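Colleague: This is the structure, below, for whatever I ask next.
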């Protein structure tokens with residue numbers, strides 16, 4: 001009977017998130033992550049071929065976890081303008097609420113994939129990243145259509161309302177090491193509503 005591995009992939013990725021949140025992507029090395037878990041240095045190589053794969057998996061697991069919740073919030077938009085407006089406000093709030101609940105993961109996402117060596121990722125890793133981004137952009141485009149946002153500024157307007165503005169609020173507090181204030185979700189929602197109802 002095969003012996004169960006002592007350290008899981010998730011344990012290593014959790015440690016990588018902690019290291020990245022505390023010291024930036026440069027702090028995510030094979031030896032540092034193994035030490036964070038309390039594992040022998042060699043054991044991490046049973047999970048990841050090298051640092052590039054570790055960085056890719058750290059970013060991808062984090063962003064995919066966020067995207068899963070974000071897309072679920074956007075899903076009820078359908079073809080009804082009232083439901084779409086409600087979903088838009090909920091999506092803006094979700095970014096702040098998720099970041100409040102997962103500050104280390106949110107800090108990782110604020111660095112962006114390039115800081116996690118995206119240029120060196122394998123083709124399957126790049127495909128996963130692109131597919132996730134495409135799903136988000138498709139959901140936002142569908143929402144814009146239901147809200148009857150048209151013209152050259154429509155994509156910029158909805159991206160600003162439902163991604164850039166909430167992230168700016170989150171970034172300011174996470175980068176300064178201060179807690180997100182209780183009114184942060186309300187501000188994100190109000191900003192989205194104002195931008196999407198010009």
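Colleague: Measure nothing fancy, just the Cα-based angle from helix 81-101's long axis to the longest principal axis of the chain, in degrees from 0 to 90, nearest 10.
Modeller: Rounded to the nearest ten degrees, it is 30.
Colleague: A further question on this structure: Among 138, 16, 85, which one shows the biggest mean-square fluctuation in a GNM of the chain, springs joining Cα atoms closer than 10 Å?
Modeller: Greatest mean-square fluctuation among the candidates belongs to 138.
Colleague: Per 0.36 nm of contour for each residue apart, how much would the distance between residue 138 and residue 27 grow if the chain were fully extended, relative to their Cα-Cα spacing?
Modeller: Going from the current span to full extension adds 36.6 nm.
Colleague: When a footprinting reagent is the concern and you count Cβ atoms within 10 Å, what order do 47, 171 take, fewest first?
Modeller: Starting with the residue having the fewest Cβ neighbours, the order is 171, 47.
Colleague: From Cα pairs below 8 angstrom and at least 6 apart in sequence, can you work out the relative contact order of the chain, rounded to a whole percent?
Modeller: Relative contact order, the chain: 24 percent.
Colleague: Indicate the gyration tensor shape class of region 1-70 (rounded, prolate or oblate), computed on the Cα atoms with a ≥ b ≥ c the square roots of the eigenvalues: a/c under 1.5 is rounded; otherwise a/b larger than b/c is prolate and the rest oblate.
Modeller: Note, shape of region 1-70 comes out oblate.
Colleague: Hey, what angle do you get for helix 51-74 against the long axis of the chain, alpha-carbon based, 0 to 90 degrees rounded to 10?
Modeller: Here the helix axis deviates by roughly 30 degrees.
Colleague: Then there's this: Set the Förster distance to 22 Å, then compute FRET efficiency between residue 183 and residue 110 from the Cβ-Cβ distance, nearest 0.05.
Modeller: FRET efficiency, residue 183 to residue 110: 0.60.
Colleague: With r defined as the distance between the Cβ atoms of residue 190 and residue 118 and R0 fixed at 30 Å, what FRET efficiency is calculated, to the nearest 0.05?
Modeller: FRET efficiency, residue 190 to residue 118: 0.35.
Colleague: With everything on Cα atoms, drop me the angle between helix 165-176 and the longest principal axis of the chain, reported from 0 to 90° to the nearest 10.
Modeller: Roughly 40 degrees, rounded to the nearest 10.
Colleague: Compare 76, 103, 25 in a GNM of the chain, Cα atoms joined below 10 Å, and give the one with the largest fluctuation.
Modeller: 76
Colleague: For the chain, just list the percent of Cα-Cα distances falling in each 10 Å bin from zero outward, please.
Modeller: 9, 32, 31, 19, 8, 2, 0
Colleague: Related question: In angstroms, what radius of gyration and Dmax does region 60-139 have, counting Cα atoms only?
Modeller: Both quantities, over Cα of region 60-139: 14.0, 43 Å.
Every read-out reported here was derived from the displayed coordinates using simple, explicitly stated rules and does not represent laboratory data. Note that this is a predicted model, so its numbers are computed, not measured. A quick note on method: Cβ atoms are made from the backbone with ideal geometry, for glycine too, and the neighbour counts reach across all protein chains shown.
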